Structures are given as C-alpha cells and as structure tokens.
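Have a look at the structure below before the remarks.
The values are calculated or read from the model by the stated rules, or taken from the named source; none is laboratory data. Computed from a prediction, not measured in an experiment: that's the story for all the values here. Here Cβ is always computed from backbone atoms with ideal geometry, including for glycine, and neighbour counts include all displayed protein chains.
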Amino acid sequence: MTVHGRLPAGTATALTVVLDSVAPGVDLEAAWGRARIRDLEDRYAAGESTSALEREIVATSLRHRVLSRFTAFVAIDRAVVNPGGTPRGIVQPVEPPAGWAQAESARTRSGIAPPMPAPMAGGGLPGGGWSNAPTAKPAMPAKHKTMSVSVAAAPPADWSVDEDREEASAEGAADKLSAPAAYAPPPPPPAPSQTPAAAPRSMMRRLLKREEREERKEAAAPAGLDARPYHQRLALLADELAAAASHAQPAAAAQLPTARLRELVEDARSVGLAALAQAIEPLLERLTAALVAADLASVLRDVATALRQVATGQAPPPAPTPPARRSFWK
C-alpha cells in the first residue's frame, strides 16, 4: 500500500507499506466503518441530504455493525420468564389514603359501611378527618352585633356651588404662595456652528484621519511589546536547522523546523512585528525551495547563520514597505 501526502513543511512525499497480515485483536473493520460513516454524515449535514446518501449510510452501518444517525441496535434477551406462556395475575398492594384504615376494617367485619361520626366543632372528626356536612354556626351575642349606616347629609341652606368653587380657588392661591419657586428650564443649546452640508464633510475627514492613524499603528511595531521571546524562538530554530544539516537525512530532519519557522513568521506579523517577519520571509522561501535540492546541507547552514544574526539584531533590518491604502468604505 502506497500512501501519498505532504510533510510538515509542505513537501510532497510517498510511503510504501507492505501488509503481510493483520495483527490479531485489531478491529480494523469497525474502525474503518466508523470513519466512513463520519465522512458520509458530514456530507449529509453539509446539505447533501439525498436518498442515495441515506441508503449508503444505512448499508455501511449494517454491513460493518456500527451506529449511524439512521440506525440503532436493540439488545434482545432470549430467556423465557413464564414457561408455557401462561400469564399470572399478581395483586400489587398499595398504601390506603389517610383516615380510611378504621373505616375499611369496620366495613370488612360487618359487611356494611359504618356510620360517620358526629362532626366536631369547626367541621373536624374525632379521628382527625374532616367532614363536609354543614354545621350550625354559633349565634353571635347581641352586644357584638354592629350595623353600618350611610347617611347623606344635606348641605346647609346658605351654601352654594359658587362658594365652593371660590373656596377651592382661594386654597390653590395659598398653596402657590407657600410653595418654593419653580425650577427654571435650562436654556436651549446653542446652534451648531457647522451647516448641515458641512457636517458630513467634517465627519468624513475625521474618519479618514482615523484610518491613517490605524494604518501607521499597524505598520509600526507596538511600543509595549517585548520581542525577546520571538528572538529566542528564532535562535532555537536556527540551532535545529544547523543540526539537521549534519543529519543522515537532512530533508526529513528539516521538515519540522521549517514548519515552525513559518508559524513564527505568522505569529510575528499578527502581533505587529512586521520588521521581524520581513527579515525572516526571504530566508524561509530559500529554505523551502532547497528542501528538494541536492545541496540542502549547505543551504541549511547558511540559513541557520542568517537566522542567528536576525535573532541577535546583527542583520540589518529590511526596508519597510509602505502599507497599502485601504478603501475608505471598507
């Protein structure tokens, strides 16, 4: 079996494996069936929900005995609990309701329902139960009886509606005199100095200046960022590339350091260290192109030396390229 793929640095490779026999105890069929069903269900969830795809998922699940979204397995117990098939009835005892135990025992002994006991004051029973029978309410003593009478008194003969209105207006005037001075409303805001036509133009100028400040901030490295961890990682990668140059298979040994170097470039650019990323990118391109060349060992040594110079600050920084101006509407 030949496996084709790519190494961590992106180099194409092929690996040939001889399958003489499968090791015992390894359930390759179930493992392959689960992986196949995952692929099919991903296609189904992505929108390819067709009847042919559903039938393929079900067929794969049944053939390799693995679960899917359309299949399920039921455990069947073959043991027989009633030999002969004759059902038996079983009386299941339950707890009686509260207060019914004495009545049930009396009914069982006599065969008739016992009379209900006389209700107590307040509707209670001697056994602690409750009766719905109406009970006579005790008479209230005469001295506790009260009567509510509403009497509508007639207005005086010399009273008129006009006098009532005058009295109300006099009370309102007195309240106004005794009340504190009312709070004066604030003065209206001053009129804007800009005209409606000039306001959008000034806003656009402010937005353009803000974009220019953001672009300058992106182009320059942040002042509070400590770049020493990135330089330390770069020095370690230079040592790994130098060690790969003396390896028996330098192309295989340089794959992982090359991939980590690419990650370092992406990290440095994402945090604002554009100068460091621009200094590493030419060396990374040269290293990636030399992974399939015959003189890979010498290239690895040269690139490792150049990376050490960048890490220690001995190499001159590349000329900063002006950032491309983005569109205002973006």
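Within the set PRO97, PRO8, PRO93, PRO87, the sole residue that is touching a helix residue (DSSP H, G or I) at 6+ places or on another chain (Cβ under 9 Å), modelled with pLDDT of 80 or more and not charged (D, E, K, R) turns out to be PRO8. For the range 68-98, filtered to residues that are exposed (fewer than 12 other Cβ atoms within 10 Å of the Cβ) and under 30 Å from ASP42 (Cα atoms), the residue that is nearest to the chain's Cα centre (by Cα) is ALA72.
A single member of ASP39, ASP20 is outside the structural domain of GLU285 (by TED's automatic domain parsing) and more than 35 Å from the chain's Cα centre (by Cα), and it is ASP20. Within the range 9-29, is there a residue that is under 30 Å from LEU283 (Cα atoms), outside any loop (DSSP other than H, G, I, E, B) and in contact with a Lys or Arg (Cβ under 9 Å, 6 or more places away or on another chain)? Taking every residue of the range 9-29 in turn, at least one turns out to be under 30 Å from LEU283 (Cα atoms), outside any loop (DSSP other than H, G, I, E, B) and in contact with a Lys or Arg (Cβ under 9 Å, 6 or more places away or on another chain). Restricting HIS231, HIS247 to those that are over 34 Å from the mean Cα position of the chain (by Cα) and over 14 Å from LEU296 (Cβ atoms) reduces the list to HIS231.
Could you tell me which residue of the range 44-67 is nearest to ASP27 (Cα to Cα), considering only residues that are surrounded by 13 or more Cβ atoms within 10 Å (Cβ to Cβ) and of a type in the set (Val, Ile, Thr)? Top of the filtered list is VAL66. In the range 285-299, of all residues being touching a residue at least 40 places away in the same chain (Cβ under 8 Å) and among the small types (Gly, Ala, Ser), the one that is surrounded by the most Cβ atoms within 10 Å (Cβ to Cβ) corresponds to ALA297.
Selection of the range 12-32 for residues being among the β-branched types (Val, Ile, Thr) and at pLDDT 85 or above yields THR13, THR16. Kindly establish whether ILE57 is at pLDDT below 90 and either at negative phi or assigned to a loop (DSSP other than H, G, I, E, B) (or both). In short, no.
Here the range 64-84 is the region considered, the condition is being touching a helix residue (DSSP H, G or I) at 6+ places or on another chain (Cβ under 7 Å) and of a type in the set (Val, Ile, Thr), and the residue that is farthest from ILE37 (Cα to Cα) is THR71. Report yes if GLY47 is assigned to a loop (DSSP other than H, G, I, E, B), at pLDDT 85 or above and at positive phi, otherwise no. Criteria met by GLY47. The condition of being at pLDDT 85 or above, of a type in the set (Val, Ile, Thr) and over 20 Å from GLY10 (Cβ atoms) holds for only one of VAL310, VAL303, that being VAL310. Please tell me if ASP302 is exposed (fewer than 15 other Cβ atoms within 10 Å of the Cβ) and assigned by TED's automatic domain parsing to the domain that holds ALA243. So ASP302 fails the test. Counting residues in the range 292-299 that are over 29 Å from LEU225 (Cα atoms), more than 35 Å from the chain's Cα centre (by Cα) and not aliphatic (A, V, I, L, M) gives one or more.
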